[in-house]
Structure formats: structure tokens, C-alpha cells
1. Any chance the stretch 138-150 includes a residue that's open to solvent by less than 70 Å² (accessible area, probe 1.4 Å), touching a residue at least 24 places away in the same chain (Cβ under 8 Å), closer than 29 Å to G211 by Cβ and not charged (D, E, K, R)?
2. Across the stretch 273-301, what is the number of residues that are of a type in the set (D, E), open to solvent by 20 Å² or more (accessible area, probe 1.4 Å) and free of Cβ contacts under 8 Å to residues at least 24 places away in the same chain?
3. Pairs under 8 Å by beta carbon, first residue touching a residue at least 12 places away in the same chain (Cβ under 8 Å) and under 14 Å from S179 (Cα atoms) in the stretch 217-238, partner loosely packed, with under 14 Cβ neighbours inside 10 Å and not β-branched (V, I, T), six or more apart or different chains?
4. Among (1) open to solvent by less than 80 Å² (accessible area, probe 1.4 Å); (2) touching a residue at least 12 places away in the same chain (Cβ under 8 Å); (3) of a type outside the set (F, W, Y), which single condition is E266 missing?
5. Would you check which residues across the stretch 101-137 are of a type in the set (G, A, S) and either touching a Leu at 6+ places or on another chain (Cβ under 8 Å) or open to solvent by 40 Å² or more (accessible area, probe 1.4 Å) (or both) and list them?
6. Provide a single number: the residues in the stretch 217-253 that are closer than 18 Å to Q193 by Cβ, open to solvent by 70 Å² or more (accessible area, probe 1.4 Å) and part of a loop (DSSP other than H, G, I, E, B).
7. Identify, by number, the condition in (1) at pLDDT below 90; (2) closer than 30 Å to I34 by Cβ; (3) touching a Leu at 6+ places or on another chain (Cβ under 9 Å) that V65 doesn't meet.
8. Quick one: which of V197, V213 is of a type outside the set (S, T, Y), touching a residue at least 60 places away in the same chain (Cβ under 8 Å) and in a strand (DSSP E or B)?
Amino acid sequence: TPPVPEEKTHKVNRMFGNGLRPQVWKEFVTRFNIKNISEFYGATEGNSNIVNNENKVGAVGFVGVIEPKWLQELLLPLMLIKVDPVTREPIRNQNGLCIRCEPGEPGEFVGKIVRGDPIKEFNGYKNKEETKKKVMSDVMVKGDLYFRSGDILVMDEFGWLYFKDRAGDTFRWKGENVSTAEVEVIVSKAFDQVGVVAYGVQIPGYEGRAGMVCLQTSFESIDLESGLEFINNQLPGYARPLFYRFSEDLDITGTYKLKKSKLMEEGLEVSNIKDKIMFFDTKHQKFEVLTASLYDSIKQMSVRL
């Protein structure tokens with residue numbers, strides 16, 4: 001939407017919310033003349049809620065750096081721990097305890113559960129199995145319990161935290177880990193901030209998952225060739241999407257995020273998908289409509305990925 005003068009003629013001093021992408025943060029506050037942005041992060045039922053009230057571009061919150069570590073665990077027991085990006089299992093040391101991330105290292109955000117504490121408590125869900133999935137034990141000491149956010153964050157040397165990816169969304173392709181959040185940001189920017197869902201699809205005969213994106217728009221409104229150069233310049237080869245799906249009707253969550261579970265289930269079964277899907281042939285550097293016969297050729301490896 002083209003800018004208009006009325007965008008700046010308001011009395012809004014601060015906006016409070018979550019999910020403002022770092023890539024559009026500065027452009028947004030400049031265009032709409034918003035002096036203050038308060039970005040918060042957390043879950044209603046969780047105990048790991050943080051906030052950025054200092055206009056730190058891109059940060060979802062702040063925990064600071066408290067030394068020694070035992071004091072931070074006592075005062076503000078929130079931290080990032082190393083996990084396998086694909087399996088989500090925590091990476092443990094020789095004593096069976098979790099490994100705290102250093103500044104710049106991505107890890108899952110967790111918060112210590114303290115029974116009876118109104119802030120640090122986690123009461124769980126009605127479904128006991130779902131509750132178990134959100135609790136991690138033996139994190140810093142044997143027998144302790146921590147709430148799992150399910151998100152991968154990165155902390156800088158000052159204690160500012162930045163969202164990186166949703167744990168479990170990362171997939172492997174050509175021996176490398178692909179961050180779906182990173183792909184979504186780049187592809188969206190390449191096509192004028194269109195809504196994008198990125199995910200990996202399994203293809204028989206191939207190890208890992210091939211990159212696929214679904215764009216929340218019609219095929220006719222997008223010039224794939226124009227955005228390709230930007231994507232190639234911003235993403236490494238293994239992270240570049242090979243399949244582009246177009247759908248104007250995508251399901252959203254209660255917090256207005258695009259859902260990807262149904263898209264992942266449908267994969268590349270074009271016979272069951274009404275939306276147009278384009279395949280990028282890396283060998284010939286061109287786009288082709290993904291048909292059932294072309295998909296068969298890919299599965300038979302006569303067309304290589």
C-alpha cells in the first residue's frame with residue numbers, strides 16, 4: 001500500500017504487542033511515526049515471559065547478564081539451552097545436564113519451574129501428555145524442572161534476546177539445518193512483504209526435506225523471476241526453496257500466524273492439491289509448473305534436485 005500523509009497524523013505514542021519482524025521494524029516506525037515500540041514474548045500458561053521496553057530493534061525481550069550464574073538462576077532463572085535443531089532433544093554434558101548457550105549461540109528458551117511461586121509456577125494442561133512435552137528435567141541440577149518455550153532464541157552479550165525459529169520447524173537438507181523463520185522473512189521481503197509459510201517436504205529417495213514455501217497470494221500477482229535474484233543473494237543454496245505454492249486462503253492461529261501443519265501434511269501430492277505449485281529447476285535455472293508427471297520424474301530422480 002502506498003504511503004499517505006494521514007499515516008503520521010495521529011497521537012499514538014506507543015504500540016505494545018508481539019511479532020514485529022526485525023526486517024520491517026525501522027521502516028514501520030518511520031513510516032507511521034511511532035515513537036515507542038514495546039515488544040513482548042511469552043505464553044499465557046508459561047513462566048518465561050519477557051519484554052523489550054527500550055525500543056531495541058528486533059529484540060523480543062531482555063534478561064540481562066548476571067554474574068555469577070547461580071545468582072541469575074536464583075533471581076531470574078531464564079536461559080537458553082542447546083538442543084538438536086531437528087529432534088528438539090536437549091544436548092547434555094557428561095553429567096547428563098543441559099548446556100547453557102553462550103552469547104550468539106541459538107538455543108531453546110526455558111524458565112525454571114518453582115512450585116508455589118506465582119510467577120515461576122507451571123500448572124500444565126488438562127492433557128497430561130501435552131504437559132510432559134512442555135517440561136524438561138535435569139537442566140542445571142539433577143531433579144530440577146524447566147518450562148520449555150518451544151522456541152529457538154539468540155542472546156547477545158548484553159542480555160537482549162532475539163527470536164530465531166520455532167523448535168521443530170527447522171529441517172535438514174543437503175546435510176545442513178534450514179531455519180524456516182529465516183526463509184520466510186527473506187521470501188516475504190523478495191515479494192513485497194507477502195505472507196509466507198516455509199517448511200520442508202519429504203521426497204522418496206532423498207535424505208532430509210526439500211525446501212517449500214506457500215505464498216498467501218495468487219500466482220498471477222507474483223513475478224517469481226524478479227524475486228529470485230534477491231533470494232539467491234540472501235540465502236545459501238541449501239536453504240533456497242525449490243517449490244513455491246500459491247494460496248490466497250491460508251488458515252491462521254489465534255495470534256494471527258499462518259498455520260503450516262496442513263501444508264506439511266499435503267506435501268507435494270499435486271493430485272490432491274488445487275493450488276498452483278511451481279518447481280525451480282536448479283540445473284536449468286528456470287521455473288516449471290509442478291504436474292503429477294513432473295513429480296513422478298523427481299521421485300524417480302530423472303529430474304534431480
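1. So in the stretch 138-150, the residues open to solvent by less than 70 Å² (accessible area, probe 1.4 Å) come out as 138-140, 143-150.
Going one step further and asking which of them are touching a residue at least 24 places away in the same chain (Cβ under 8 Å), we end up with 138-140, 144-150.
Next cut, closer than 29 Å to G211 by Cβ only: 148-150.
With not charged (D, E, K, R) added as a condition, the list becomes 149-150.
For the stretch 138-150, residues open to solvent by less than 70 Å² (accessible area, probe 1.4 Å), touching a residue at least 24 places away in the same chain (Cβ under 8 Å), closer than 29 Å to G211 by Cβ and not charged (D, E, K, R): present.
2. Of the residues in the stretch 273-301, the ones of a type in the set (D, E) are 275, 281, 288, 296.
Still in the list and also open to solvent by 20 Å² or more (accessible area, probe 1.4 Å): 275, 288, 296.
If we keep only those that are free of Cβ contacts under 8 Å to residues at least 24 places away in the same chain as well, we get 288, 296.
Going through the stretch 273-301 one residue at a time, the tally reaches 2.
3. P236/E176; Y238/G175; Y238/E176
4. For E266, the failing item is (2).
5. In the first step, residues of the stretch 101-137 are kept if they are of a type in the set (G, A, S); the result is 104, 107, 111, 116, 124, 137.
Listed by number, the residues that qualify are G104, G107, G111, G116, S137.
6. Counting residues in the stretch 217-253 that are closer than 18 Å to Q193 by Cβ, open to solvent by 70 Å² or more (accessible area, probe 1.4 Å) and part of a loop (DSSP other than H, G, I, E, B) gives 2.
7. Failed condition: (3).
8. Working: V213 fails: touching a residue at least 60 places away in the same chain (Cβ under 8 Å).
That would be V197, the only listed residue that is of a type outside the set (S, T, Y), touching a residue at least 60 places away in the same chain (Cβ under 8 Å) and in a strand (DSSP E or B).
The values are calculated or read from the model by the stated rules, or taken from the named source; none is laboratory data. Please read all numbers here as calculations on a predicted model, not as lab measurements. Here Cβ is always computed from backbone atoms with ideal geometry, including for glycine, and neighbour counts include all displayed protein chains. Surface areas here come from the heavy atoms of the whole protein model, side chains and all, with no ligands, DNA or RNA. Shrake-Rupley method; radii C 1.70, N 1.55, O 1.52, S 1.80 Å.
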